[in-house]
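Chemist: Would you mind keeping the following structure in view while I ask a few things?
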Amino acid sequence: MKDFKKKMNNEFNQQKANGAPSPEQEAPEAVVVDDINSTPAEDEMAQEQVAEAADAELSAEQKLEKEKEELAAQVEKEKKEYMFLMAEFDNFRKRTLREKSELIKNAAESVFKGLLPVVDDMERALKASENSEDADSIRQGMELIYKKLKKFMEQNGVKEMDPENKDFDADNHEAITAVPVPDESMKGKIIDTVEKGYTINGKVLRHAKVVVGQ
């Protein structure tokens, strides 16, 4: 053991004499290799990633632009369809009004055309009554004309109301007066008709003017 220590002391002294650094002295700083600098392969990979990101961003913008164009085209299409429908509706409205006007005109024409024979009969009856003193024959002629007129009216949907002894109905009748009645069952019923009422195709053409019991 003593020999080993002696040998170590001799080697230390020899190193000190030769100028060798002692273990307590700091070792010189190691040369640091800059590993931040990338290789050409890494640079190329980074450039590819940047290009892919740019392409992805460009693709998103192109997609939005395409969607915008498609929406604009759809709006324009719907606008044209709306304008077309409005024009069609306006034409339909005008055509309907024209047809309705023509229908009313033709209906009036048909009615008056049917009344002309009655007018002719009335004129002939008046002319015949000028030289006739027979009241009965004149009356018979007037009755024939009246029946002919009533028939023509019924053919065109005009019918006479028959409200006698029926309950008063404000939708069909017009009460011009009320009279007391001895029988309770006659209260609210039509006692007399002052002016006849008429319907056309089930709709009131003229209300009947009546006397109502109370």
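Since every read-out is calculated from the coordinates, none of them should be taken as a lab result. Just so it is clear, the structure is predicted and the values come from calculations on it, not from any experiment. Cβ atoms come from the backbone with ideal geometry, glycine included; neighbour counts cover every protein chain shown.
Chemist: Would you mind working out the magnitude of the charge dipole of segment 57-156 relative to its Cα centre, with +1 at each Lys and Arg C-beta and -1 at each Asp and Glu C-beta, to the nearest 20 Debye?
Modeler: Working: 20 positive and 23 negative charges, 69 e Å.
Around 340 debye, computed over segment 57-156.
Chemist: Cross-link list K105/K166; K127/K150; K148/K187; K148/K203: which exceed 32 angstrom alpha carbon to alpha carbon?
Modeler: As for pairs spanning more than 32 Å Cα to Cα, those are K105/K166; K148/K187.
Chemist: Rg/Rh for segment 112-214 to two decimals, with Rh computed the Kirkwood way over all alpha-carbon pairs.
Modeler: Looking at segment 112-214, the ratio lands at 1.13.
Chemist: Taking the alpha-carbon centroid of each part, what is the distance from segment 98-146 to segment 151-209 in angstrom?
Modeler: Centre-to-centre (Cα) distance: 26 Å.
Chemist: Just from the alpha-carbon atoms, what are the Rg and Dmax of segment 57-156 in angstroms?
Modeler: 34.2, 114
Chemist: What value in Å³ per residue do you get for the convex hull of the alpha-carbon atoms in segment 158-214? Spell out each step's value before the answer.
Modeler: Numbers: hull volume 3.4 nm³, N = 57.
Cα-based convex hull of segment 158-214, divided per residue, equals 60 Å³.
Chemist: Counting other Cβ atoms within 10 Å of each Cβ, which GluC sites (Glu not before Pro) in segment 126-214 have at most 13 and sit in a DSSP loop?
Modeler: Within segment 126-214, the qualifying GluC sites (Glu not before Pro) (loop, at most 13 other Cβ atoms within 10 Å) are E133, E164.
Chemist: I've got another one for you. Projected onto the charge dipole of segment 88-214 (+1 at Lys/Arg Cβ, -1 at Asp/Glu Cβ, origin at the Cα centre), which of N106, N156, L126 gives the Cα projection farthest towards the positive end?
Modeler: Of the options given, the answer is N106.
Chemist: Which value, in debye to the nearest 20, describes the size of the charge dipole of segment 158-214 about its Cα centre when Lys and Arg Cβ atoms bear +1, Asp and Glu Cβ atoms bear -1, and nothing else is charged? Show your work: numbers first, answer last.
Modeler: On the way: 8 positive and 11 negative charges, 45 e Å.
Taking the Cα centre of segment 158-214 as origin, the dipole is about 220 debye.
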